[in-house]
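Visitor: For reference, the structure I am asking about is given below.
The values are calculated or read from the model by the stated rules, or taken from the named source; none is laboratory data. Predicted, not measured: the structure shown is a model, and the values here were computed from it. Cβ atoms come from the backbone with ideal geometry, glycine included; neighbour counts cover every protein chain shown. We work out accessible area using only protein heavy atoms, side chains counted, and drop any ligands, DNA or RNA first. Shrake-Rupley method; radii C 1.70, N 1.55, O 1.52, S 1.80 Å.
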Amino acid sequence: MRIPNLGEAELLVPLHSGMFEQPMWRTFLRQLLRVCEAEGVAIVLDSADQGGRIALGEGVPLAMPEAAMREGRVYAGEELDGAAGGLRAVRIGGSGLDLTMAVMAPQIPGAEIASLLSALVPHLKVALQVLAAIERERGRASVSAEAARRMNFGWIAVDERCRIVDLDAQAERFLERSGALRRGPYDRLFPSAPAIDRQLTAIVKAMAGDRRHRPRAINLSHDPWIDILVAPMRVEALAGDSKAVAVIYLRGDRSSSADRHEQLVDLFDLTPAEARLAWSLAQGLSIAEAAEEHGLTVETARYYSKRIYAKTGARGQVDLVRNILTGVLALA
C-alpha cells in the first residue's frame, strides 16, 4: 500500500469534502494552487445527461483543453491543441459526469505536477462517483418532495408543550395560508378550534410519557378537507437535542368542494349534480346522508350514484373513494 505524501494528504480531505461547499471544491482548488505553486488551477464538470457545464477555478483563469483526452492519463500542454506549455490536465469520467482538472505551473517541473495529478486520479474518480450518487439522490428527493407537495403532505415536529421544533417547507406554507392550524406565541402550534387544541395537547402530552403510544388521527376541517396524524417520535436520532416528542403529519386539500366538483365534471364527464354527490360519497357519507346534504330524495341520490359508478368505472362506494382520492385528482 502506497502512503500518500504530505502534499496529497493536504489535498485529499478538501477533495472529498469539497462537494458540500459552495462553490464546490473551493478549498481543494486553493490548496492545489498553493501546493503546486501554480498560476491557475481549474475543474470543469460536464453532465452527459443534462448537457450542463460547471467551471470552477482559482488563480489565473485557464483556457481548458477541448481536445479528446484518454481517461486517467495526464496530458502536457504540448499534447493538447492550443494549450500553453506549462499546462497539465487529466480527465475522469463515469456515472454520467465528466471531470477535467488542469494546473498551470510553468515554474515547477512538469513531471512533479504530472505525478501529483496521477496520484489524485483514483481519489478524483471516487469523488466523482460520490457526486453522481448525491445528484441522483437529490433528484429523487426533489421528485418525492414535489409529489408530497402536490398531495399536500407535510410534517411538523413538536415538543411536549406542542411547540414547533422543526417542520418541512410544505407544512410552513400550510401554516401561512390555513386558518385551521397556525403558529402561535413561542412557536406553539394552535388549532383554531379550542376542542381540537385540547385534544392535540392531551395526545402530545401522552406521547411524551409513552413513546409506544399509538398514532392518532384528527380532522381539522371538512371544507377544504384537512387531516392530521399525530405519531410519537420513536427514533431518538431524529429528535436529537431538540426535545421533539411527536411528529404531526398533515394533509390539507388546497381545493374547496366547489373546485373539486368542477374537477370531477372534467375528469369523469359528470353533471354538476352528479359531481357534488360523488364528492360527498368520496368523503364517506352514505347515500342517505349525501342526499340530505344536497337536498335530494334518497331515490334520486341512488339514481345519480348508479350513473356516477358507470362513468367512473367504480363497482361501489369503496371503489369510488379509491378512484377519486387516489387518482390524479389527489395531485390537482
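Visitor: Give the residue, chosen from L250, L264, L277, that is open to solvent by less than 50 Å² (accessible area, probe 1.4 Å) and closer than 30 Å to R182 by Cα.
Guide: Going through L250, L264, L277 in turn, just one is open to solvent by less than 50 Å² (accessible area, probe 1.4 Å) and closer than 30 Å to R182 by Cα: L250.
Visitor: I'm trying to understand the selection: among the residues of segment 33-48, which are open to solvent by 10 Å² or more (accessible area, probe 1.4 Å), touching a strand residue (DSSP E or B) at 6+ places or on another chain (Cβ under 9 Å), touching a residue at least 60 places away in the same chain (Cβ under 8 Å) and not aliphatic (A, V, I, L, M)?
Guide: E39
Visitor: Just checking, which of R216, R163, R198 is among the basic types (K, R), touching an Asp or Glu at 6+ places or on another chain (Cβ under 7 Å) and at pLDDT 90 or above?
Guide: Only one candidate qualifies: R163.
Visitor: Further question on the same structure: Does A102 meet the test of being modelled with pLDDT under 90, surrounded by 13 or more Cβ atoms within 10 Å (Cβ to Cβ) and among the hydrophobic types (A, V, I, L, M, F, W, C)?
Guide: Answer is no for this residue.
Visitor: Which is more than 27 Å from R138 (Cα to Cα) and modelled with pLDDT of 85 or more, of V74, V44, V13?
Guide: V74
Visitor: Please report, ordered by residue number, the helices (runs of 4 or more DSSP H) entirely within segment 235-332 with at least 3 residues that are modelled with pLDDT under 75.
Guide: Ranges flagged: 236-239, 317-325.
Visitor: Now, a different point. Looking at segment 172-195, is at least one residue farther than 30 Å from W279 by Cα, basic (K, R) and either out of contact with any Phe, Trp or Tyr (no Cβ under 9 Å at 6 or more places or on another chain) or buried (at least 18 other Cβ atoms within 10 Å of the Cβ) (or both)?
Guide: Within segment 172-195, one or more residues are farther than 30 Å from W279 by Cα, basic (K, R) and either out of contact with any Phe, Trp or Tyr (no Cβ under 9 Å at 6 or more places or on another chain) or buried (at least 18 other Cβ atoms within 10 Å of the Cβ) (or both).
Visitor: Taking only pairs six or more apart or across chains, which ones have beta-carbon atoms under 6 Å, a first residue in segment 293-308 that is surrounded by 14 or more Cβ atoms within 10 Å (Cβ to Cβ), and a second residue that is part of a helix (DSSP H, G or I) and of a type in the set (S, T, Y)?
Guide: E293/S280
Visitor: Scanning segment 153-171 for residues that are open to solvent by less than 20 Å² (accessible area, probe 1.4 Å) and part of a helix (DSSP H, G or I), which turns out farthest from L220 (Cα to Cα)?
Guide: Filtering first and then ranking leaves Q170.
Visitor: While we're on this one: Hey, G139 hits all of (1) at pLDDT below 90; (2) open to solvent by less than 70 Å² (accessible area, probe 1.4 Å); (3) more than 22 Å from I54 (Cα to Cα); (4) assigned to a helix (DSSP H, G or I) but one; which does it fall short on?
Guide: It is condition (3) that G139 fails.
Visitor: Suppose we filter S118, S95 for residues that are at pLDDT 90 or above, open to solvent by 20 Å² or more (accessible area, probe 1.4 Å) and polar (S, T, N, Q); which single one remains?
Guide: S118
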